[in-house]
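The values are calculated or read from the model by the stated rules, or taken from the named source; none is laboratory data. Predicted, not measured: the structure shown is a model, and the values here were computed from it. FYI the Cβ positions are ideal-geometry reconstructions off the backbone, even for glycines, and counts take in every protein chain you see. To get the accessible areas, we keep the full protein, side chains included, count just its heavy atoms, and leave off ligands, DNA and RNA. Shrake-Rupley method; radii C 1.70, N 1.55, O 1.52, S 1.80 Å.
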Amino acid sequence: MDTFNILLNGNLQAGDYIGFTFFTGYMSMLAASIFFIVERGTVTNKWKTSLLISALITFIAAVHYYYMRGVWLETGTSPTQFRYIDWTLTVPLMCIEYFLILKPAGAKSGMLVRLLAGSILMLVAGYIGEAITPEHNVMWGIISTVGWAVIIYEIYLGEASKLAASSGNVAVIEGYKVMRWFTLVGWAIYPIGYCMLPGNILHGLVEGADFTKNSPVDLAYNIADAINKIGFGLVVYSIAKNATAAEEAKLA
Ligand SMILES: *C/C=C(C)/C=C/C=C(C)/C=C/C1=C(C)CCCC1(C)C
């Protein structure tokens, strides 16, 4: 009964700044979903799926933030399970965004498979290090980073980058560069947060922090999610808008 009440009514205390970010995360993900869905009507048909995927990413996150907020308020502990369930759904959707953007340039399913394989390795290893054997979180963090590196290689040096460069579409060429910058720089916030876990290499920076009230790891993840889900979606949106404008100019 208590659980139910807190989940429904909230129990946010004045000093709970991490709690604040769970609430703002929830609301902004929901608002972004509505934005992408409505704006879908303003782009040409071939871009509609990309905007739908952007909306699904933020919507899936909104639902998980709703639950994570509840766990945080009720227990004051990190909602690691919901976090990773969310990422397991949303990171592959981001890989699909890359695939859809590059499909007109000739992207093959092999590229998508490599991105997905990197994602799975990254997330499974991260989950083991964070939730199953936290005493070995350094080793699992390194294994997880290999998965991330597979993705970075593909989008900076691999087939994906070659396809983008040869696409002949200015909106795609420019937008793709911003997308991959999110995947390199924006995504780096996650491993930085992870390294603050007890026993990991950056834990010294947050030595005195009370993880049950002000978990720096959750703060990092919540900030990173807002940047990488809403920001990334907006980049896809601007590619779709620019490409639509270019197509209309050609027809006029
Ligand atoms: C919407 C959610 C996104 C974009 C989540 C991305 C998550 C990562 C890039 C996580 C990466 C990690 C490492 C590279 C090493 C340490 C463990 C992780 C899972 C935090």
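Data table
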item: Within segment 17-47, tally of residues that are open to solvent by 80 Å² or more (accessible area, probe 1.4 Å) and hydroxyl-bearing (Ser, Thr, Tyr); result: 2
item: Selected residue (criterion: nearest to the ligand (Cβ to nearest atom)) from residues of segment 103-149 that are of a type outside the set (A, V, I, L, M, F, W, C) and part of a loop (DSSP other than H, G, I, E, B); result: Thr133
item: Residue ranges of helices (runs of 4 or more DSSP H) in segment 163-252 with at least 2 members away from the ligand (no atom under 11 Å from the Cβ) and modelled with pLDDT of 95 or more; result: 170-181, 216-225, 232-251
